[in-house]
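> My structure is below; once you've seen it, I'll send some questions.
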Amino acid sequence: MMIESENIDVFIIGGSIGGLACAHALLKTGSCNITVFERAKAISAAGAGLGLGDEALEVVRSFGLAKELDSITQPLYVEINRAVAPDGHVRQVYEDRIYNHRSLHWSDLHKVLLNALPQDIIHFGTTVTGVEQASGSKRTVVRAQSKREGADADDMHHISVECDLVIAADGSMSDTRRRFKPDESRRYSGYCAWRGVVTDKEAREAAQAAREAYPELGSALYFDLAQDSHAVLYELPGQRLNWLWYINQPEPNLTGHSVTVKADDQRIKDMRERAARTFTPELAALMQATEAPFINAIYDREPLELWAYGRIVLVGEAAHPTTPHALRSTNMAICDAGALGRSLAEHPRDIPAALRKFQEQRIACTAREVLFSRHLGRLKQSLDTKHDWFAADKKLCESLGQANMADFSN
Ligand SMILES: Cc1cc2nc3c(=O)[nH]c(=O)nc-3n(C[C@H](O)[C@H](O)[C@H](O)COP(=O)(O)OP(=O)(O)OC[C@H]3O[C@@H](n4cnc5c(N)ncnc54)[C@H](O)[C@@H]3O)c2cc1C
């Protein structure tokens, strides 16, 4: 690997959205040599929908990707919360017409970020197994392993490299975070989310009925509040309708790194029947018409007071895993990348100063976002107090808005 001596050598663990956004932001400084190690063998078309707010959109545009971003996003400018019943009865309880987001599919954003990077800096199928900064040393050792093409499972290629800075963008189950916080564990929210994306082509009638019953699809983010449960519905580019449904239940038995639970035919059948007893007929029909819905168990963690340990820094989901109710997780990862890039551009020869600045800018605001999202999830799932959304007073209805995040204090 070529190292230009005046540049700093940076290794990024994780090639998902947080890691790739950091690669863009640091390359933009012109003072970093970047290498990304990603455990997955290849990019997959995984995931579903998400919404990006102004700040994250601006960061991605600053990578020179404004045109690409326009082509994979569409407006999500209105937030609407409604009380709903299975007989089709609806009461609108909250709306915000300056919501200012754009919707997109997770894998479209991942592809755009990936394709715009020099491909030789990203090493798929490479798992980081250790990061160590010897005391007093300015260099950090990164150990990783990858399987040789066609080799046996235990015939691994071992890598050991030194660098000036390690960015751990290794997700909500971050091994890097565990090294620094071995006693900490994640917090199960008390519910799981069924999720699905269905195209107009796949389910013409159900999609048409949904568009009539939810006339602002295409620019609005709908939250439908049922008893002890709520659903989310919005459109993604390509006439895709994206839905989520949160159900209170005991923590599922998860294995491995993923929070996705595979749903067998019986579970999908039960979900479809229950949807008809919970939501409007149009939303239930859309859920029933989705071919491969999947389940995510919902977790977060307590906010940390420190993300940098010497010259190893946590970003994205590794630093602040959150529940999805304020649409923040991808936004936060991208905003972290933007802030880290700016801090390093300001202090190109002083990594500790850059990391101090980065943490000052990001830790307090992301802690608020994580705790607000947790609060919103508990409110909408009636986990602390039972709510009848048809009878809710003005104050309670107004507390549903995501705009409350700015003033939230726990
Ligand atoms: C496949 C996938 C699909 C998703 N789909 C959606 C979606 O539809 N909607 C939504 O809102 N959010 C989705 N998310 C989550 C959300 O996008 C994240 O909040 C966002 O990607 C920013 O998180 P992150 O990059 O910090 O961490 P993550 O997205 O969790 O990525 C962490 C990455 O680190 C890699 N990694 C972990 N450990 C190691 C190691 N030891 N060595 C090398 N690599 C390692 C993982 O393979 C992973 O790619 C998805 C995430 C993934 C990974």
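> Would you call S137 open to solvent by less than 50 Å² (accessible area, probe 1.4 Å), farther than 18 Å from T176 by Cα and more than 13 Å from the ligand (Cβ to nearest atom)?
Taking the combined requirement at face value, the residue satisfies it.
> Next question. Identify, from the list T278, T322, the residue that is away from the ligand (no atom under 16 Å from the Cβ), open to solvent by 10 Å² or more (accessible area, probe 1.4 Å) and of a type in the set (S, T, Y).
On inspection, the qualifying residue turns out to be T278.
> Give the number of residues within region 281-308 that are open to solvent by 30 Å² or more (accessible area, probe 1.4 Å), within 16 Å of the ligand (Cβ to nearest atom) and farther than 21 Å from G256 by Cβ.
1
> Restricting attention to region 325-339, which residues are assigned to a loop (DSSP other than H, G, I, E, B) and either more than 9 Å from the ligand (Cβ to nearest atom) or more than 16 Å from the chain's Cα centre (by Cα) (or both)?
Matches in region 325-339: H325, A326.
> I'm trying to understand the selection: among the residues of region 179-219, which are open to solvent by 10 Å² or more (accessible area, probe 1.4 Å), under 26 Å from F294 (Cβ atoms) and either assigned to a helix (DSSP H, G or I) or among the acidic types (D, E) (or both)?
Residues satisfying the conditions are D200, E202, R204, E205, A206, Q208, A209, R211, A213.
> Select the helices (runs of 4 or more DSSP H) contained entirely in region 1-96, then report the ones holding at least 3 residues which are surrounded by 22 or more Cβ atoms within 10 Å (Cβ to Cβ) and either in contact (Cβ under 8 Å) with a residue 40 or more places away in the chain or within 11 Å of the ligand (Cβ to nearest atom) (or both).
17-29, 54-60
> Same structure, new question: Being within 16 Å of the ligand (Cβ to nearest atom) and hydrophobic (A, V, I, L, M, F, W, C): is that true of L355 here?
Against the criterion (within 16 Å of the ligand (Cβ to nearest atom) and hydrophobic (A, V, I, L, M, F, W, C)), L355 does not qualify.
> Sticking with this structure for a sec: Within 21 Å of the chain's Cα centre (by Cα) and either open to solvent by 40 Å² or more (accessible area, probe 1.4 Å) or under 28 Å from E216 (Cβ atoms) (or both), is that true of L314?
So L314 fails the test.
> Something else about it: Which of the following residues is part of a loop (DSSP other than H, G, I, E, B) and surrounded by fewer than 18 Cβ atoms within 10 Å (Cβ to Cβ): E273, E251?
Being part of a loop (DSSP other than H, G, I, E, B) and surrounded by fewer than 18 Cβ atoms within 10 Å (Cβ to Cβ) holds for just one of E273, E251, which is E251.
> Continuing with this model, one more query. Between A42, A56, A25, which is among the small types (G, A, S) and within 17 Å of the chain's Cα centre (by Cα)?
A56
> Return the pairs, sorted by first residue and then second, in which the second residue is near the ligand (Cβ under 7 Å from one of its atoms), the first residue lies in region 119-130 and is farther than 16 Å from A168 by Cα, the beta carbons are less than 9 Å apart, and the residues are 6+ apart or on different chains.
Pairs that qualify, where the first residue is farther than 16 Å from A168 by Cα and the partner is near the ligand (Cβ under 7 Å from one of its atoms), are G125/E38; G125/R39; G125/A40.
> Among (1) part of a loop (DSSP other than H, G, I, E, B); (2) open to solvent by less than 70 Å² (accessible area, probe 1.4 Å); (3) within 17 Å of H320 (Cβ to Cβ), where does N410 come up short?
(2)
> Hey, A391 hits all of (1) open to solvent by 10 Å² or more (accessible area, probe 1.4 Å); (2) in a helix (DSSP H, G or I); (3) under 24 Å from R97 (Cα atoms) but one; which does it fall short on?
Looking at each condition in turn, A391 falls short on (2).
The values are calculated or read from the model by the stated rules, or taken from the named source; none is laboratory data. Worth saying up front: this structure is predicted, and the values here are computed from it rather than measured. Positions of Cβ are generated from backbone atoms using ideal geometry, with glycine treated the same way; all protein chains shown enter the neighbour counts. Only protein heavy atoms, including side chains, enter the accessible area calculation; ligands, DNA and RNA are left aside. Shrake-Rupley method; radii C 1.70, N 1.55, O 1.52, S 1.80 Å.
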